[in-house]
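Some notes on the structure that comes next.
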Amino acid sequence: MRPIYRAHLWAFRLRPERRAGGPKPLAGHPHYAQRVQIPLEQRFPRPSVMGVVNVTPDSFSDGGANFDAGTAATSARRLLAEGAAIVDVGGESTRPGAEGVSADEELRRVVPVLERLQGQPVSIDTAKAAVAARALELGAELVNDVTALRADPELAGVVADNGAYLCLMHMQGEPRTMQDDPRYDDVVADVARFLDERLTFAISQGVPEEAICLDPGIGFGKTVEHNFELLRRLDELVAIGRPILVGISRKSSLGKIMGNPDAKTGTTAASLGAAVLAYERGASIFRAHDVREHVEALTAARAVVAP
Ligand code: HH2
């Protein structure tokens, strides 16, 4: 029998300091019976790969490639066949300088793709409650919010009421301006404090701790040095106690360290080098464009690290 998502099953493992408020009881909610849930770390054992499907005309590394719904769904199925544990479908680019899109436009982009992917493991990359709610109705199981529940006050409730998994990501500033002049006292300590605070907030809104993963937000309001320091000292984020998701795949920092200061993307090989070392430092989930290559590299890394 498959385990059913029950707040009391999660509650006993909550750390005492986070228990205040506690998760909302989910029994009785209309979606309750439909949701099947196990702790995120069991659903996504280390290492797991999350395939990227950007249904946008302007994403930084694959902008436009999947703007057509049929093509996007075909790409998603290919990434799953290549070994992705889940595909992350997004309708709004968050690349540096990107302008936001309306909820209607985001829905117009992602709904036809989600309809085609029903029955497949899907994550919705959105900061908007309306988009998350529709995606969860269509079977998505994880909400990937790059604003860590800061953009839309309704989003936490949508995640909690639907028993969805949640990714909380760190970002300094907002996409339009975040790369202008990012500064930190100590980037790792600042990001750790932020993620810990957002984790406590999510739990206070009824999302069980065991449904949540955390993400340092590589490239989101960070210099090249900030990004690599976060990866180098990833163990300090792992110490928060939740699985860490890393999205370094094809990010421009990888292109810049190859000697091109204007690089907009990095190569697959550079992405794999960074992913393997992030895995060794404790990362659990890898958001990646080149799924087959990540699965192979991480399988080899796991054979070395944890045979
Ligand atoms: N990076 C991007 C988008 N969403 N979500 C998480 N959790 N972590 C990330 O690092 C992350 C993310 C940006 O990459 P991409 O989707 O390829 O581009 P764009 O935002 O331009 O669509």
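The values are calculated or read from the model by the stated rules, or taken from the named source; none is laboratory data. Predicted model, so just to flag it, every value in this text is computed and none were measured. All Cβ positions, glycine included, derive from the backbone under ideal geometry; neighbour counts span all protein chains shown. Heads up: the accessible areas ignore ligands, DNA and RNA and are worked out on the full protein's heavy atoms, side chains in. Shrake-Rupley method; radii C 1.70, N 1.55, O 1.52, S 1.80 Å.
How far apart, in nm, are two points set 7 Å out from the Cα along the Cα-to-Cβ line at S204 and at M258?
4.4
T71 to E105: extension gain in nm, 0.36 nm per residue of separation minus the Cα-Cα distance?
Difference between extended and current length: 10.4 nm.
Considering only DSSP beta bridges where both residues belong to the chain, give the percentage that are antiparallel (nearest 5).
Percent antiparallel among DSSP bridges in the chain is about 5.
Which of the listed residues, P39, Q205, V87, is farthest toward the dipole's positive end in the chain, when Lys, Arg count +1 and Asp, Glu count -1 at the beta-carbon?
Of the listed residues, the answer is P39.
With every protein chain kept in place and ligands, DNA and RNA left out, what is the accessible area per residue of the range 100-210? Probe 1.4 Å, answer in Å².
37
Give me the mean projected area, in nm² to one decimal, of the convex hull enclosing the Cα positions of the range 152-223.
Projected over every direction and averaged, the Cα hull of the range 152-223 covers 5.0 nm².
State the volume of the convex hull built on the alpha-carbon positions of the chain, expressed per residue in Å³ and rounded to an integer.
Hull volume over Cα atoms, normalised by residue count, gives 127 Å³.
With viscosity set to 1.306 mPa s at 10 °C, what whole-number translational diffusion coefficient in µm²/s follows for the range 265-306 from Stokes-Einstein and a Kirkwood radius over Cα pairs?
155
Report, in debye and to the nearest 20, how large the dipole of the chain comes out about its Cα centre when Lys and Arg carry +1 and Asp and Glu carry -1 on their Cβ.
Here the size comes out at about 840 debye.
Once you put a point 7 Å from the Cα of D186 and another 7 Å from the Cα of E154, both along the Cβ direction, what distance in nm separates them?
4.1
Keeping to pairs on different chains or 8 or more places apart, tell me how many lysine pairs in the chain have Cα atoms under 20 Å apart.
5
Over what distance in Å are the Cα centres of the range 163-205 and the range 103-123 separated?
26
Quick one: dipole size for the range 225-307, taken about the Cα centre, charges +1 on Lys/Arg Cβ and -1 on Asp/Glu Cβ, in debye to the nearest 20.
Here the range 225-307 has a charge dipole of around 160 debye.
From the helices alone, meaning DSSP H stretches of at least four residues, give me the mean residue ellipticity at 222 nm for the chain, per-run term -39500 (n - 2.57), in deg cm²/dmol to the nearest 500.
Rounded to the nearest 500, it is -11000 deg cm²/dmol.
Give the calculated FRET efficiency between R193 and E41 to the nearest 0.05, with a Förster radius of 25 Å applied to their Cβ-Cβ distance.
Efficiency computed from Cβ-Cβ geometry: 0.65.
Treat the range 181-243 as a sphere of radius equal to its Kirkwood radius over Cα pairs and apply Stokes-Einstein at 25 °C in a medium of 0.890 mPa s; give the translational diffusion coefficient in µm²/s, rounded to a whole number.
In µm²/s, the coefficient is 200.
On average over all directions, what projected area in square nanometres does the range 40-179 have, based on the convex hull of its Cα atoms?
For the Cα atoms of the range 40-179, the hull's average projected area reads 7.9 nm².
Once label points are set 7 Å from the Cα along Cα→Cβ at both A303 and E280, what is their separation, rounded to one decimal in nm?
With each label placed 7 Å out from Cα toward Cβ, I get 1.7 nm.
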